[in-house]
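The values are calculated or read from the model by the stated rules, or taken from the named source; none is laboratory data. Because the structure is a prediction, the values reported are computed rather than measured. Neighbour counts run over all protein chains shown; Cβ positions are idealised from the backbone, glycine included. Note: accessible area is taken over every heavy atom of the protein model, side chains too, but ligands, DNA and RNA are not part of it. Shrake-Rupley method; radii C 1.70, N 1.55, O 1.52, S 1.80 Å.
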Amino acid sequence: MSAQLTLQAPLDVPPAEVTPYLDRLWKGMLEGSSGAATFTLLVWEPSWLEQQLVRVGLIDGPIRGFDRSDLMTAARQAVSDCGLPLSTAPMDPRLAWALGQKPGHQSSADLRGQVVESAISAHMPRRLITLAPTLDAGRPLETMVAAYCPLPEEGGTGAACGDAVVLRGGMGAIQQNLHLIQPLVGDDLPCWVWWNSSLDEPLDMLEALAPLPRRLVIDTSLGSPRRCLDVLVARIDAGQAVNDLNWLRLRSWRESLAMVFDPPSRRDALDHVVQLDIDVEGDHPVKGLLLGAWIADRLGWHLIASRPIPADSGSSSESGGIAAEFERTDGVSVQFRLMPVPMGMPKAHPGAIVGLRLICEPTGRPQLCVILCSESGGCMRLESGGMAALELAEEVVPLPEEHEEMEMARLLSGGHDSTNPLLASAAPLAARILPD
């Protein structure tokens, strides 16, 4: 967290007294200042994986609610211990569920909402509200408040002060007290809602926390593929400003592909694509579908049909892939295949891109094969099948660390009050490609 002056150390306050207490706090300590004129950040932060790892004794507390290096290490070990496929990503919700079936009663301090990632606190949220459901479903609601200001040497002034509110307890207790949220959010400042969990969780909670015009941030790598895409598309159709961290992680792939076709000698090859292949880690196809849909949308392809590929039809994974046929603007067919690839050391989030291949047949010129590979895995499967006879352009895509807090901070710095138009176009197409 950025250097700060604490106005109010974390203090337990009865739920009904949270709003009145904060009103008295600001009037008494800052002579009526309303604090920073920035934004409210409302975070759904169950941290089920971290809670389970602490409970079974695989990591020590306190529970903080954001990425920790020891959490990723312990999660990878737990994948094997729980008998899950080695290609299971550490953040896969199925791992938290599997850990929930194991015995353990280790407890720890819970600091969710009290420790704020410095990349987020640097944007000086006026109010940070954290909803922290506990594994103990019957735990009563506990509420806590704190207030702070950036230190003068950090350029801080009284006008940049903010506060933090934590609601912690069992799921039932939080649901019964959602009426406490609205007075804390208010309508005078923009509100971001960060759903930092699986989209398979009850949607009534998401709907209660993120009504229009609040800006919603989700992660379509967490949850069943159909549910993830349906939620994303429904929110876009409703006109909500929605951001998808899974989409943001595609930035380096989109940029690398654009750079490959930037030379004038290759630009017209994009009008002659006949085949698109994408390999993803494990059995979560959403990220690959979003990338394929972005390419198809930008090149004006029309989806004809899609179908599942059975796992016994040449797939190297226990799960099958997805095949689709598109039609280019000139009426020529484009074949699309998305295939799961088992990885012994997958990225943190399910469905990371392993590689991409585009085959183009320009008129009067040799065929062109473009292959992009992640730096964490080779593309031997994509390099097979007679590619040596084609003009080959191969690039390694640099992949940044997948820290949600850094991506969230990037969103806050941009102040986006609408859905990215590229995502708004790609998401519905990705949902249509995914077979029912």
Would you kindly calculate the translational diffusion coefficient of segment 253-298, applying Stokes-Einstein with the Kirkwood radius from alpha carbon pairs, for 20 °C and a viscosity of 1.002 mPa s, and quote it in µm² s⁻¹ without decimals? 180 µm²/s
Two-decimal Rg/Rh across segment 319-422, once Rg and the Kirkwood Rh are taken from alpha-carbon atoms: 1.04
For the chain, give the share of DSSP beta bridges that are antiparallel, in percent and rounded to the nearest 5; count only bridges with both residues there. 50 percent
Out of the total accessible area of the chain (probe 1.4 Å, heavy atoms of protein only), what percent is carbon and sulfur? 53 percent
In whole percent, the Cα-Cα distances of segment 333-377 spread across 5 Å bins from 0 upward as 5, 16, 23, 19, 14, 11, 6, 4, 1
Student exercise, the chain dipole from Lys, Arg, Asp, Glu Cβ charges, in Debye to nearest 20: 220 debye
Amide proton proximity set for residue 309, modelled H, under 5 Å, gap of 5+: 321, 322, 323
Residue by residue through segment 330-338, what is 3J(HN,Hα) from phi via Karplus (6.51 cos²θ - 1.76 cosθ + 1.60, θ = phi - 60°)? Round to whole Hz and write x for glycine and proline. 9, x, 7, 7, 10, 9, 10, 9, 10
Quick shape check on segment 227-309: root eigenvalues a ≥ b ≥ c of the Cα gyration tensor, a/c under 1.5 is rounded, otherwise prolate if a/b tops b/c, else oblate, and it reads prolate
Find which of 294, 257, 435 sits farthest along the positive direction of the dipole of the chain, computed with +1 on the beta-carbon of Lys and Arg, -1 on that of Asp and Glu, about the Cα centre. 435
Only helices counted: for the chain, with every DSSP H run of 4 or more residues adding -39500 (n - 2.57) and the sum spread over all residues, [θ] at 222 nm is -8500 deg cm²/dmol
Please list the radius of gyration and Dmax for segment 131-244, considering alpha-carbon atoms only, with Å as the unit. 16.4, 49
One-quarter of the Cα convex hull surface for segment 270-347, in nm²? 5.3 nm²
Net +/- balance of residues flanking residue 429 in space, Cβ distance below 12 Å, scoring K and R +1, D and E -1: +1
Per residue, how much accessible area does the chain show when a 1.4 Å probe rolls over the protein heavy atoms, in square angstrom? 42 Å²
Take the alpha carbon atoms of segment 292-306, find their center, do the same for segment 161-209, and report the distance between the two centers in whole angstrom. 37 Å
HN-Hα J in Hz across segment 162-175 - Karplus 6.51, -1.76, 1.60, θ = phi - 60°, x for Gly and Pro: x, 9, 10, 10, 10, 10, 10, x, x, 4, x, 5, 5, 4
How far is helix 69-81 tilted, in degrees, relative to the longest principal axis of the Cα atoms in the chain, given as a value from 0 to 90 rounded to the nearest 10? 60 degrees
Could you tell me how many cubic angstrom of Cα convex hull volume segment 203-264 has per residue? 109 Å³
Based on the alpha-carbon gyration tensor of segment 71-111 and its eigenvalue square roots a ≥ b ≥ c, which shape applies: rounded if a/c is under 1.5, prolate if not and a/b is larger than b/c, or oblate? prolate
So the pair-distance distribution of the chain, from every Cα-Cα distance in 10 Å bins, comes to percents of 4, 20, 28, 23, 15, 8, 2, 0
When only Cα pairs under 8 Å and 6 or more residues apart are kept, what is the percent relative contact order across the chain? 17 percent
Projected area, mean over directions - segment 8-118, Cα convex hull, nm²: 9.1 nm²
